[in-house]
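Trainee: Can you keep this structure in mind? I'll have questions shortly.
The values are calculated or read from the model by the stated rules, or taken from the named source; none is laboratory data. What you see is a predicted model, and the numbers here were worked out from it, not measured in a lab. All Cβ positions, even for glycine, are placed from backbone atoms using ideal geometry, and neighbour counts span all protein chains on display.
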Amino acid sequence: MSASDSSRTIGSVTRLLKQHLARCGYTSVHIGHPEDAVTSSPSSKLNLFLYEVDFDPQIKNIRVIGPASSDLWLNLKFLLTAIDQQGASESCEALELLGGAMLALHANSVLSWDAPSPGDLQSPQVSSRESLHLSFDQNSSQLVSRLLQGCARSYRTSVGFQVRAVGLAARPSS
C-alpha cells in the first residue's frame, strides 16, 4: 500500500486484530458495535469495537527527520466483548471466551504486518515503524456504559485495549 493509500491503515489494523484472533482459534469475530454482534448470528463470538482514535502523545511532540516527518501517529482504542449463544456477555461461557481472547492478545502484544494473512490485508508502507504494540487499558464500568448508551442494555462485560503507534503517512506535496 503506498503512502497515498494510508487512509486504509485504521481498517487494516482492525483486520489484523481479527486475523490474529482467528489464528488463535477465535474464528467468529465481529467488528462493530457489540449490540450489532448480538443480532448477527446465534453463535458465540468475540466483538471488536473501535471507540476512540487519539494522537500518540509520545510521538506527537518528537520531531522526526526524514520521510516520516509529516506522519500522523495514532493510538487506536478498542473494546473486546465476548458474546455467548444467547447474546449475553456476562455468562460463564462468555467470560471464558473473553479470558481466552485476552490471553491470546497478551501473548502476542507486538503485532507485525509480516504475519501470515489472507490476501485482502496488505501491509501499509506508511512509516518506519514495523510493528504495532498492544496494551490493555483500565476501563471503568462508567466508560463502557457511556459507550453503549442508547442500547437496550446499558452494560456489557468488556475489556479495553489499545494499539499504538499506528502511522498514517502524509501525502507528499506536489
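Trainee: Conditions: (1) of a type outside the set (S, T, N, Q); (2) at pLDDT 75 or above; (3) out of contact with any helix residue (DSSP H, G or I) (no Cβ under 8 Å at 6 or more places or on another chain). Lys45 meets all but one. Number of the miss?
Mentor: Evaluating Lys45 over (1) of a type outside the set (S, T, N, Q); (2) at pLDDT 75 or above; (3) out of contact with any helix residue (DSSP H, G or I) (no Cβ under 8 Å at 6 or more places or on another chain) leaves (3) as the failure.
Trainee: So, one more: Mind checking whether some residue in the range 6-28 is modelled with pLDDT under 80 and not basic (Lys, Arg)?
Mentor: Filtering the range 6-28 for residues modelled with pLDDT under 80 gives 6-7.
Now restrict to residues that are not basic (Lys, Arg): 6-7.
Checked the range 6-28: at least one residue is modelled with pLDDT under 80 and not basic (Lys, Arg).
Trainee: Step by step: first the residues of the range 122-154, then only those that are at pLDDT 70 or above and part of a loop (DSSP other than H, G, I, E, B), then the one that is farthest from Arg8 (Cα to Cα). Which residue is that?
Mentor: So, considering only residues that are at pLDDT 70 or above and part of a loop (DSSP other than H, G, I, E, B), the one farthest from Arg8 (Cα to Cα) is Ser140.
Trainee: Of all the residues that make up the range 132-146, how many are among the polar types (S, T, N, Q) and touching a residue at least 12 places away in the same chain (Cβ under 8 Å)?
Mentor: 4
Trainee: May I pose another question? Of the conditions (1) surrounded by fewer than 14 Cβ atoms within 10 Å (Cβ to Cβ); (2) modelled with pLDDT under 90; (3) hydrophobic (A, V, I, L, M, F, W, C), Leu72 fails just one. Which one is it?
Mentor: Among (1) surrounded by fewer than 14 Cβ atoms within 10 Å (Cβ to Cβ); (2) modelled with pLDDT under 90; (3) hydrophobic (A, V, I, L, M, F, W, C), the lone unmet condition for Leu72 is (1).
Trainee: Please go through the range 90-103 and pick out each residue that is modelled with pLDDT under 95 and in contact with a helix residue (DSSP H, G or I) (Cβ under 7 Å, 6 or more places away or on another chain).
Mentor: Within the range 90-103, no residue meets the criteria.
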